[in-house]
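Just so it is clear, none of the values below were taken in a lab; they were calculated from the coordinates. Keep in mind the model is a prediction, meaning the values are calculated, not measured. Methodologically, a virtual Cβ is constructed for each residue, glycine included, from the backbone with ideal geometry; neighbour enumeration extends over all protein chains shown.
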Amino acid sequence: MSIDAPSPRALALRLLSLLDLTSLGENDTPAQIEALCASATAAPCLPAAVCLYPEHITTARRCLQGTTVKVATVVNFPDGAGDPARVERETQRALGAGANEIDLVLPYRCLLDGDEACVRTVVRSCRAVCTDGVVLKLILETGVLATPGLIRTACAIGLEEGVDFLKTSTGKVPVNATPAAAAVMLDAIAADGGRCGFKAAGGIRTLADATMYLQMAETRLGAGWSDPAHFRIGASALFGELCTIASSVA
């Protein structure tokens, strides 16, 4: 479906299907995660996934049983350490608890220091554990990398190591998703043939914000590319607006 001139309701429904409904609060409780999952299952269109801390995986799995909503969690988060053994342990525990998708923070400080070998080793260690259809998203922390050259290098490492998505940000730093960073990432994905997906996360709060990233992706990769296997929006604040618009009379 083209997004040239859809109705607001049709666009909201589409974006809901591409949403990773996210709660990464340090004080999240099981009751809050249960409420989040209840909101997901009651939405006019099911989101692609919920994304939460590893300690809430089992709660989310129970609440979402029988639905198509995936359970995503974060590892090496949010600091992006350069310890591959830590990443492997965290990933194994998350998968053992039932996570379907892993959002891994790239060791961006290692990249800033010029240690590309460390970055590659961490990503490779996580990829080796994420087998049997587990989706691996690589969080580049583009607001810290800042320059197009470093963002391109991070993209190249992720693409070469076979990640399933390149993701902008943790949402835990001052600068998160930006159109400039997204353009670099999407250009890298397009140059690689469009196999890898793209996830915009951090500070995306309105339908207009999300639509901008969707348009950027489809300009480069085509209208049919942006399905849940290739395009995600990571947000929580956006969810209410999308549900309201999607529930309106067409």
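With the requirement that a residue be out of contact with any strand residue (DSSP E or B) (no Cβ under 9 Å at 6 or more places or on another chain), assigned to a loop (DSSP other than H, G, I, E, B) and either among the charged types (D, E, K, R) or surrounded by 16 or more Cβ atoms within 10 Å (Cβ to Cβ) (or both), what does the stretch 61-101 give you? Answer for the stretch 61-101, where residues must be out of contact with any strand residue (DSSP E or B) (no Cβ under 9 Å at 6 or more places or on another chain), assigned to a loop (DSSP other than H, G, I, E, B) and either among the charged types (D, E, K, R) or surrounded by 16 or more Cβ atoms within 10 Å (Cβ to Cβ) (or both): 82, 83.
Specify which of the listed residues (235, 208, 229) is surrounded by 22 or more Cβ atoms within 10 Å (Cβ to Cβ) and of a type outside the set (Lys, Arg).
None of the others qualify; the one that does is 235.
Among the residues of the stretch 152-195, those that are buried (at least 23 other Cβ atoms within 10 Å of the Cβ), without any contact (Cβ under 8 Å) to a residue 60 or more places away in the chain and not in a helix (DSSP H, G or I) comprise 163, 166, 168, 169, 177. The residues on offer are 189, 157, 151, 245, and the sole one that is among the aliphatic types (A, V, I, L, M) and within 25 Å of residue 35 (Cα to Cα) is 245.
Could we say that residue 201 is within 22 Å of residue 69 (Cα to Cα), out of contact with any Leu (no Cβ under 9 Å at 6 or more places or on another chain), buried (at least 22 other Cβ atoms within 10 Å of the Cβ) and in contact (Cβ under 8 Å) with a residue 12 or more places away in the chain here? Steps first, answer last, please.
On the way: within 22 Å of residue 69 (Cα to Cα): yes; out of contact with any Leu (no Cβ under 9 Å at 6 or more places or on another chain): yes; buried (at least 22 other Cβ atoms within 10 Å of the Cβ): yes; in contact (Cβ under 8 Å) with a residue 12 or more places away in the chain: yes.
Yes; evaluated as a whole, the condition is true for this residue.
Could we say that residue 34 is out of contact with any Gly (no Cβ under 9 Å at 6 or more places or on another chain), closer than 24 Å to residue 136 by Cβ and free of Cβ contacts under 8 Å to residues at least 60 places away in the same chain here? Considered against the rule, which asks whether it is out of contact with any Gly (no Cβ under 9 Å at 6 or more places or on another chain), closer than 24 Å to residue 136 by Cβ and free of Cβ contacts under 8 Å to residues at least 60 places away in the same chain, residue 34 comes out as no.
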